[in-house]
Amino acid sequence: MPLCIPQAPPLPSETFVTAPRSTLPATVAAAAVVVLTAEDLARTGERSLPRMIEKASGAGVWLQETNLGGGAPILRGFIGEKVLIVVDGVRLNDATTRLGPNQSLNTIDPGIVERVEIVRGAGSVQYGSDAVGGTILIWTKRRLPGSVDAQGTPDGFDAGIETQYQSVNTGVRVAPSVGWSTDRNGFLATGSFSQWNELRSADGDIDNTGYDSGALFGSWNHAVDRWRSVRLTASAHRDWDVPRTDRLNVGFGQAQPSSAEFTFERQDQRQILLAFEDAEPGGFADRFQARLGLRGYEERRRQRNTGSTQRRLEEDEILAPSLGLDWRKAIGEHHLVTFGLDVEYDDVDSSRTNVNINTGASAPGQPTFAPDSSYLATGVFVQDEISALDPLDVTVGLRYSFFHFGFDQFTSGPAGGPHESGDFDALTAALGLGYDLAEGWRATAGVAQGFRAPHLDDLARNGTIFGGTELANPDLDPEQSLTVELGLEHARGPWKAAIAGYATFLDDAIGRRLVDEGDPGTLGDETYLRDNTGRVEIYGVELRAERRLGAEGSPFALRGGIAWATGRQYDDTLDPATGEAPYDDVPARRIPPLNGYVALAYDSVVPAWSWLTWAELRLTLADAQDDLNPDDLSDPRIDPDGTESWGRVDLDLGGPLGKHGGSRWNLGLHNLLDEAYRVHGSGLDAPGFGVVVGVAWMM
């Protein structure tokens, strides 16, 4: 089919804008993509953005929570630095992003989010490093010039407040906001404060779970003319006194907790972004966007091992300026080309103070990251959507990435030794196909390379793990992946369904090898070195379906989804103590169990009851998972006998509040049967029965 030449930009009342590279081609499998609006997220009744995304997605996004102040999504068997998070076109992942679960997604206040797109599968052509298991694209709210209210009339100023109460942790969130617009300018400002107390599971209160958080956000949009606009945003999110629950509570296989103290005293995320957009067709590009960002992150930790008299006060701070340029151009009738470049520079400052809790004496210690650490990531890409082979759609893409790092080598004290530096690069490609089989039926196929460049977390950070000490290695190579995917989708009459099957092969996987076994009679004093140790293979299937119930246009629907994945790790590195290869041909780490949901939903623009516009009764299920990696077996968060199967029932409903179109209420009755369970890989038991009450009042 011929391509459409881009037309005029959206009307001012349309508040959603993306970066050109984020526009999905027609060859992406429908089952691999989930699009969530701010309303979808709010309807979940959940506390944090990670939990909202997990529930609203249905299946295919598995959420691991080490503590309440975290929340790491697992996409297609990958977690942490193999899942990329992008906010308004700017990477949230940086050179300090941890190997496994982390709190990155939880540092985004849900009240500022307009839309979330989860794109599962390799996305390294568009976004570079880390997009192996998938990419989470987050777009923040804005007030465009000339905005209108719910009745379609000019709305110069409004204000509102959102509140939420959760009984399961007697938690409260309050978020006031103001917005106003003129013919040429649109402004939005919002803030929030949250207090989450100790969580109650079905078996009782869970110690070391509560924390507080606050956020500020501002957006200014200026219309230069009909085609060109400028946007400036600033955001700050801070979490206070977040306990590391799994280290402070007794875990599986432990007689006492790992730590006497372990608190993230501060998790502080800040970002400023200036973006320019030109959407006038013709010339060098039909659409162009430039982004100039400055992001900062500060983390302060207070730690003391069980039985130790030494308290460690650690602080890491990163400052990351970035530049992104995107162009999109229709060439003739059959080619739509997107191309661009991006640059990010991470400057990391890390410090540590050791304090004797008996004497109060303090001294500088070895920091988490090596002194004078820096990391440069650059890349250029091009993607062509080809329609000349109608009815076959073809998408091809290519990216070249280059990285440079530097740091002063570790010494026994806080000062650094000789300077260490290095670089590596990666060339990645992708091919996608789409074909209309018949009316309402479409098939897709794709093969895509992905990669994960070693971060400073691998290159310049010595860390403590459950099994001992893990040493940095500046001689690592990037992890390289290849994903093959087949998809089928159907949309006709009352039915909508999509299924995708995939296989991902990850080479040069970064793991660790034992270099010093320590005292053979003592566990936890071993020393490991990070290294490219082997290969990981993951296979899976994702399915979702919806059936409208009753006559055409019925507000009732039955929907559901299933996600299944399995994986193997191949690593022939020998354990010098046993002469065996303990990680060769074993289950991959942290693979979620078979999971899914089924829901009966009611959603109507013209409801039968003016006070109720939507409702959902949902059953969520997860099978047992006892196919464990050796690291899973030694992880106190995971039962070595396997995680048991579980099921929970939620009821969520809501509707308008008053006559103002933006005012609403919602009520949630979560885990109605008060089921006691733990999500596989998490560091605490799941919430028990809870009541959620939310109110948004617009003036």
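The values are calculated or read from the model by the stated rules, or taken from the named source; none is laboratory data. Everything numeric in this text was worked out from a predicted model, so none of it was measured. Ideal geometry is used to build each Cβ from the backbone, glycine not excepted, and the neighbour counts take in all protein chains shown.
Would you please name the residue that is surrounded by the fewest Cβ atoms within 10 Å (Cβ to Cβ), looking only at residues in the stretch 126-165 that are modelled with pLDDT under 95 and of a type in the set (Gly, Ala, Ser)? Only one residue tops the list, namely 152. As for the stretch 420-442, it holds no residue that is under 25 Å from the mean Cα position of the chain (by Cα), closer than 20 Å to residue 513 by Cβ and modelled with pLDDT of 95 or more.
Listed here are the residues, each with its yes/no results for (1) crowded, with 16+ Cβ neighbours inside 10 Å; (2) within 22 Å of residue 481 (Cα to Cα).
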position: 530; (1), (2): yes, yes
position: 542; (1), (2): yes, yes
position: 561; (1), (2): yes, no
position: 576; (1), (2): no, no
position: 594; (1), (2): yes, no
position: 599; (1), (2): yes, no
position: 611; (1), (2): no, no
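Counting the residues of the stretch 549-559 that are crowded, with 18+ Cβ neighbours inside 10 Å and in contact with a Pro (Cβ under 9 Å, 6 or more places away or on another chain) gives 2.
Just one of (1) out of contact with any Lys or Arg (no Cβ under 9 Å at 6 or more places or on another chain); (2) in a loop (DSSP other than H, G, I, E, B); (3) touching a residue at least 24 places away in the same chain (Cβ under 8 Å) fails for residue 229. It is (2).
For the stretch 37-141, the helices (runs of 4 or more DSSP H) that sit wholly inside it and include 2 or more residues that are touching a residue at least 12 places away in the same chain (Cβ under 8 Å) and within 25 Å of residue 594 (Cβ to Cβ) are 49-57.
Meeting the requirement of 2 or more residues that are out of contact with any Phe, Trp or Tyr (no Cβ under 8 Å at 6 or more places or on another chain) and either among the basic types (Lys, Arg) or at pLDDT below 90 (or both), the strands (runs of 3 or more DSSP E) wholly within the stretch 446-513 are 463-465. When the stretch 322-361 is filtered for residues that are touching a residue at least 24 places away in the same chain (Cβ under 8 Å) and among the polar types (S, T, N, Q), the ones remaining, listed by number, are 322, 338, 350, 351, 353, 354, 356, 358. Tallying residues that are of a type in the set (Val, Ile, Thr), at pLDDT 95 or above, in a loop (DSSP other than H, G, I, E, B) and more than 19 Å from residue 646 (Cα to Cα) within the stretch 552-607 yields 0. Any residue at all in the stretch 673-680 that's at pLDDT 95 or above, touching a helix residue (DSSP H, G or I) at 6+ places or on another chain (Cβ under 9 Å), of a type in the set (Ser, Thr, Tyr) and in a loop (DSSP other than H, G, I, E, B)? No, the stretch 673-680 contains no residue that is at pLDDT 95 or above, touching a helix residue (DSSP H, G or I) at 6+ places or on another chain (Cβ under 9 Å), of a type in the set (Ser, Thr, Tyr) and in a loop (DSSP other than H, G, I, E, B).
Inside the stretch 210-264, residues that are of a type in the set (A, V, I, L, M), closer than 19 Å to residue 67 by Cβ and surrounded by fewer than 16 Cβ atoms within 10 Å (Cβ to Cβ) make up a count of 1.
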